[in-house]
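Q: Here it is, the structure in full.
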Amino acid sequence: MGYSPVGVGGSAGVGSGGGGTNGANWSCCGTSHKCWCRWRWENQHHHYRLFSSGFVFFFGCFVLFGSIATLYAWLAFTPSVRMGLSSLGCQEDNEGSWSIGVFYGVSPFSLKPIEAMNVWRNESAAWPVANPVVTCASASDAGFPSNFVADPFLYVEGDVFYLFYETKNSVTLQGDIGVAKSTDKGATWQQLGIALDEDWHLSYPYVFNYLGQIYMMPEGSAKGELRLYRALNFPLQWTLEKVIMKKPLVDSVIINYDGKYWLFGSDHSGFGTMKNGQLEIWYSRSPLGPWKPHKKNPIYNIDKGFGARNGGRPFFYNGELYRIGQDCGETYGKHVRTFKIEVLTSEEYKEIEVPLGFIEPNKGRNAWNGARYHHLDVQRLPSGEWIGVMDGDRVPSGDSVQRFILGCASVAVVAILIVLLGVLLGFVKCIIPLNWCIRNSGKKNFTLMAWEKSSAFSSSARRFCSRLNRAPPFLRGKIKPYTCAGRLILAIIFVLGVGLMCIGVKCIYGGNGSEEPYLWEGHYSQFTLLTMTYDARLWNLKMYVRHYSRCSSVREIVVVWNKGSPPELSDLDSAVPVRIRREEENSLNNRFKVDPLIKTRAVLELDDDIMMTCDDVERGFKVWRQHPDRIVGFYPRLIDGRLLKYRAEKYARMHKGYNMILTGAAFIDAQVAFERYWSEEAKQGREVVEKYFNCEDVLLNYLYANASSSRTVEYVKPAWAVDTSKFSGAAISRNTKVHYQLRTDCLLKFSEMYGSLAGRKSEFGSRKDGWDV
């Protein structure tokens with residue numbers, strides 16, 4: 001592949017009888033087209049051509065396609081993917097990227113995530129705290145490297161919650177049992193360490209109390225038995241109490257019901273067992289055994305999507321017993337299913353499925369549990385409130401391997417397309433090089449030659465190679481590369497190759513495709529997205545809502561409707577609640593109006609004509625959480641000099657600093673900014689905004705600067721941002737010259753009212769995260 005003829009002659013020439021090869025014989029390349037594809041040997045000296053034109057063409061095209069794909073990767077990949085993982089933990093794992101969230105409700109069938117309960121933590125700027133609350137990062141940062149955390153079980157002692165879970169060790173790649181503690185009802189978790197570590201994989205740490213002793217029954221099916229451990233010094237020291245069953249049961253639980261203890265588990269080791277679709281029940285007078293099998297074992301041996309495999313702790317509600325099962329139909333651990341147990345005796349068992357009432361996540365891979373959730377432990381607290389802990393994953397099982405295979409396949413197809421281009425352009429004369437063949441390899445091996453003659457496979461291979469090497473002249477005869485049709489075909493092949501190379505690079509190096517939020521001080525949080533628009537820009541709004549509602553940390557979108565009839569909410573494709581706030585007056589001051597219905601401290605003021613990646617938004621949110629007293633945004637400006645003049649970002653770049661952030665794309669503290677903007681002090685400034693129908697963002701910058709002697713703005717550089725108003729003709733400020741002059745006038749007036757910004761210059765690149773360069 002990729003070689004052109006090197007000429008005829010020399011002692012090893014095909015058809016010359018050299019090396020005992022007759023030109024009339026069928027050989028891998030010994031056809032009438034005579035593909036000369038081997039290095040030349042002349043006068044017993046190594047005079048050969050290292051690089052044929054075909055090879056150079058192939059290598060050059062591959063480098064070209066790879067360079068384009070690399071540029072695409074730099075533009076498209078999130079900074080976390082481009083920079084790689086910064087710690088030993090949280091390495092990409094084929095089993096997934098599981099994490100754990102907390103839910104509350106008045107019943108086990110009305111659970112809502114912690115962010116819906118508006119639990120605030122000032123020390124981490126989490127207003128509110130959002131799921132997940134325990135992740136591989138929180139375990140790894142505490143000194144226990146973990147690729148993921150899953151299978152959570154709660155143990156409640158008064159006001160203290162202990163969370164036991166499976167953690168996959170990033171070094172040994174083995175499951176261990178980790179434990180964390182919370183003293184604030186699950187909002188904040190302190191990692192205590194590894195509670196149990198054996199020489200085999202452990203998971204599903206079912207913890208319960210029996211006669212004043214605390215026991216743990218983890219899954220250890222790799223050991224081939226079900227073990228029960230007792231706490232010596234709870235929660236970190238455990239000892240083996242008893243091997244209660246010599247069976248490799250998975251995801252086992254014990255429940256006290258009707259005077260007996262019942263053990264539910266799955267044995268996937270038997271012949272004919274449906275993996276993830278099998279369930280067995282055993283019963284005893286004590287959790288320590290002896291255990292007797294249920295008369296109808298196995299209770300289930302059916303499709304894996306039914307929910308036979310346990311997915312958490314059974315629970316009682318209103319006198320009824322419920323079992324949690326896993327639906328593994330589409331992928332392992334797709335979601336949990338709830339069953340009400342109607343009959344449970346030593347001879348009979350009956351259950352019916354009931355709805356859990358859980359609201360399915362709809363942000364796809366940007367949601368921490370967007371792809372699957374397979375475990376739920378729900379318990380009633382002494383207060384009467386119910387709490388649940390659930391694990392979730394943003395990618396399906398085996399995602400990393402599937403992406404790698406797809407990426408390699410894409411690159412392989414690119415190689416084929418490059419060969420096809422070389423054939424059409426005349427750089428590639430044959431497909432199979434001559435020196436790949438036994439007979440024409442330049443070496444005489446009579447044993448191999450005898451095998452080649454007698455082997456039916458070799459004969460078929462020679463015929464296939466011969467026919468394949470007839471393809472180049474055939475294709476060049478059919479497709480003329482210098483005609484219009486030929487150029488079109490070449491262009492299509494080129495574009496297809498570039499696209500496939502980009503797909504290959506993305507699949508292999510681009511991560512799992514999610515744009516995840518950034519952890520800060522052990523917590524995730526959420527913000528409200530606010531935009532101001534009117535009827536002429538409805539198409540912008542639809543695209544805007546569809547895109548940004550899928551960003552992980554967006555809780556709600558508030559649309560300030562300034563003019564015309566607002567759309568129906570059903571017209572907007574949103575993954576989060578959308579609230580349209582219709583204003584009586586068309587005023588830019590409405591952007592910062594105090595809104596008591598906003599439930600988050602952070603508000604992202606984002607014009608409806610600005611499109612950027614969710615990752616850029618998430619990075620900006622993290623920086624704001626580090627500096628909630630500042631305006632944090634994506635469009636910097638520099639106001640300096642004796643003669644104040646409003647200039648574009650280029651001026652700030654030239655002078656290597658900024659002192660203003662435009663609030664067309666900026667995070668602010670809703671409680672501080674809105675009250676400051678509508679204070680009596682800002683009244684004159686608001687009147688200027690009304691007069692010019694401009695400068696509301698400039699005014700807010702002056703108000704922040706006037707209220708503090710320290711730094712009041714932070715810049716975050718977006719990977720890319722697109723102004724969609726340029727495609728619609730509905731821009732509010734289409735005449736740039738007039739727009740800039742109005743803003744210059746505003747600067748003069750605001751400087752007289754609130755003082756100068758000239759001494760507040762911040763340099764680009766001053767932060768350690770490098771996001772402001």
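The values are calculated or read from the model by the stated rules, or taken from the named source; none is laboratory data. If you're wondering where the values come from, they're calculated on a predicted model, not measured in any experiment. Heads up, the Cβs are rebuilt from the backbone with ideal geometry, glycines too, and the neighbour counts pull from every protein chain shown. The area values use the complete protein model at the heavy-atom level, side chains included, leaving out ligands, DNA and RNA. Shrake-Rupley method; radii C 1.70, N 1.55, O 1.52, S 1.80 Å.
Q: Kindly establish whether Val389 is open to solvent by 30 Å² or more (accessible area, probe 1.4 Å), out of contact with any Gly (no Cβ under 6 Å at 6 or more places or on another chain), modelled with pLDDT of 95 or more and of a type in the set (A, V, I, L, M, F, W, C). Working first, answer last.
A: On the way: open to solvent by 30 Å² or more (accessible area, probe 1.4 Å): no; out of contact with any Gly (no Cβ under 6 Å at 6 or more places or on another chain): yes; modelled with pLDDT of 95 or more: yes; of a type in the set (A, V, I, L, M, F, W, C): yes.
Taking the combined requirement at face value, the residue does not satisfy it.
Q: Need a quick list: helices (runs of 4 or more DSSP H) entirely within the stretch 610-680 having at least 2 residues that are open to solvent by less than 20 Å² (accessible area, probe 1.4 Å) and touching a strand residue (DSSP E or B) at 6+ places or on another chain (Cβ under 8 Å).
A: Values: elements: 614-626, 649-654, 670-677.
By residue number, 614-626, 670-677.
Q: Given the conditions (1) farther than 29 Å from Lys542 by Cβ; (2) of a type in the set (A, V, I, L, M); (3) in a loop (DSSP other than H, G, I, E, B), and given that Ala719 satisfies all but one, which numbered condition is not satisfied?
A: (1)
Q: Just name the residue that is surrounded by the most Cβ atoms within 10 Å (Cβ to Cβ) out of those in the stretch 237-255 that are polar (S, T, N, Q) and farther than 18 Å from Leu279 by Cα. So that I can check it myself, show each step before the final result.
A: To start, the set of residues in the stretch 237-255 that are polar (S, T, N, Q) comprises 237, 239, 252.
Imposing the further condition that a residue be farther than 18 Å from Leu279 by Cα reduces the set to 237, 239.
Details: Gln237: 12, Thr239: 9.
Among residues in the stretch 237-255 that are polar (S, T, N, Q) and farther than 18 Å from Leu279 by Cα, the one surrounded by the most Cβ atoms within 10 Å (Cβ to Cβ) is Gln237.
Q: Which condition breaks for Phe103 when tested against (1) at pLDDT 90 or above; (2) in a loop (DSSP other than H, G, I, E, B); (3) at negative phi; (4) not β-branched (Val, Ile, Thr)?
A: Unmet for Phe103, out of (1) at pLDDT 90 or above; (2) in a loop (DSSP other than H, G, I, E, B); (3) at negative phi; (4) not β-branched (Val, Ile, Thr): (2).
Q: Being under 16 Å from Lys304 (Cβ atoms) and part of a strand (DSSP E or B) is the filter here, so list the residues in the stretch 323-349 that pass it. Lay out the reasoning, then the answer.
A: Going through the stretch 323-349, the residues under 16 Å from Lys304 (Cβ atoms) turn out to be 324-337, 339.
Ile324, Gly325, Gln326, Asp327, His335, Val336, Arg337, Phe339, listed by residue number.
Q: So, of the residues in the stretch 350-377 that are outside any loop (DSSP other than H, G, I, E, B) and of a type in the set (A, V, I, L, M, F, W, C), which turns out to be surrounded by the fewest Cβ atoms within 10 Å (Cβ to Cβ)? Give the steps one after another, and end with the answer.
A: Of all residues in the stretch 350-377, those outside any loop (DSSP other than H, G, I, E, B) come to 350-354, 364-366, 372-377.
From what's left, of a type in the set (A, V, I, L, M, F, W, C): 352, 354, 376.
Values: Ile352: 9, Val354: 13, Leu376: 24.
Among those residues, the one meeting the criterion is Ile352.
Q: Within the stretch 392-431, restricting attention to residues that are open to solvent by 30 Å² or more (accessible area, probe 1.4 Å) and polar (S, T, N, Q), which residue is nearest to Gly101 (Cα to Cα)?
A: The qualifying residue nearest to Gly101 (Cα to Cα) is Ser397.
Q: Could you look through the stretch 576-594, keep only residues that are in contact (Cβ under 8 Å) with a residue 24 or more places away in the chain, in a loop (DSSP other than H, G, I, E, B) and open to solvent by 20 Å² or more (accessible area, probe 1.4 Å), and pick out the one that is farthest from Lys542 (Cα to Cα)?
A: So in the stretch 576-594, the residues in contact (Cβ under 8 Å) with a residue 24 or more places away in the chain come out as 576, 578, 586-594.
After this cut, where a residue has to be in a loop (DSSP other than H, G, I, E, B) as well, the list is 576, 586-587, 593-594.
Right, trim to open to solvent by 20 Å² or more (accessible area, probe 1.4 Å) and you get 586, 593-594.
Values: Asn586: 21, Lys593: 23, Val594: 25 Å.
This residue is Val594.
Q: Quickly run through the stretch 533-575 and pick out the residues that are free of Cβ contacts under 8 Å to residues at least 40 places away in the same chain, closer than 25 Å to Pro517 by Cβ, open to solvent by 10 Å² or more (accessible area, probe 1.4 Å) and aliphatic (A, V, I, L, M).
A: Leu572
Q: Also, I was wondering about something else. Hey, does the stretch 267-279 have a residue that's touching a helix residue (DSSP H, G or I) at 6+ places or on another chain (Cβ under 9 Å) and surrounded by 15 or more Cβ atoms within 10 Å (Cβ to Cβ)? Spell out how you get there, then give the answer.
A: Let us first name the residues in the stretch 267-279 that are touching a helix residue (DSSP H, G or I) at 6+ places or on another chain (Cβ under 9 Å), namely 267-269.
From the residues that got through so far, the ones that are surrounded by 15 or more Cβ atoms within 10 Å (Cβ to Cβ) too are 267-268.
Checked the stretch 267-279: at least one residue is touching a helix residue (DSSP H, G or I) at 6+ places or on another chain (Cβ under 9 Å) and surrounded by 15 or more Cβ atoms within 10 Å (Cβ to Cβ).
Q: Name the helices (runs of 4 or more DSSP H) wholly inside the stretch 432-491 in which the number of residues that are modelled with pLDDT of 75 or more and either open to solvent by less than 60 Å² (accessible area, probe 1.4 Å) or more than 18 Å from Gly422 (Cβ to Cβ) (or both) is 2 or more. Walk me through it before giving the result.
A: Values: elements: 446-454, 456-468, 471-478.
In the stretch 432-491, 471-478 are the helices (runs of 4 or more DSSP H) which contain 2 or more residues that are modelled with pLDDT of 75 or more and either open to solvent by less than 60 Å² (accessible area, probe 1.4 Å) or more than 18 Å from Gly422 (Cβ to Cβ) (or both).
Q: Just wondering, is there one or more residues in the stretch 709-724 that are touching an Asp or Glu at 6+ places or on another chain (Cβ under 6 Å), modelled with pLDDT under 95 and acidic (Asp, Glu)?
A: Yes, the stretch 709-724 contains at least one residue that is touching an Asp or Glu at 6+ places or on another chain (Cβ under 6 Å), modelled with pLDDT under 95 and acidic (Asp, Glu).
Q: Let me ask you something else. Tell me which residues, restricted to the stretch 317-339, are open to solvent by 10 Å² or more (accessible area, probe 1.4 Å) and charged (D, E, K, R).
A: Glu320, Asp327, Glu330, Lys334, Arg337
Q: Given (1) under 27 Å from Tyr210 (Cα atoms); (2) open to solvent by 40 Å² or more (accessible area, probe 1.4 Å); (3) touching a residue at least 40 places away in the same chain (Cβ under 8 Å); (4) more than 40 Å from the chain's Cα centre (by Cα), identify the lone condition not met by Leu344.
A: For Leu344, the failing item is (2).
Q: Out of the residues in the stretch 196-230 that are under 15 Å from Glu241 (Cα atoms) and aliphatic (A, V, I, L, M), which is most open to solvent (accessible area, probe 1.4 Å)?
A: Filtering first and then ranking leaves Leu211.
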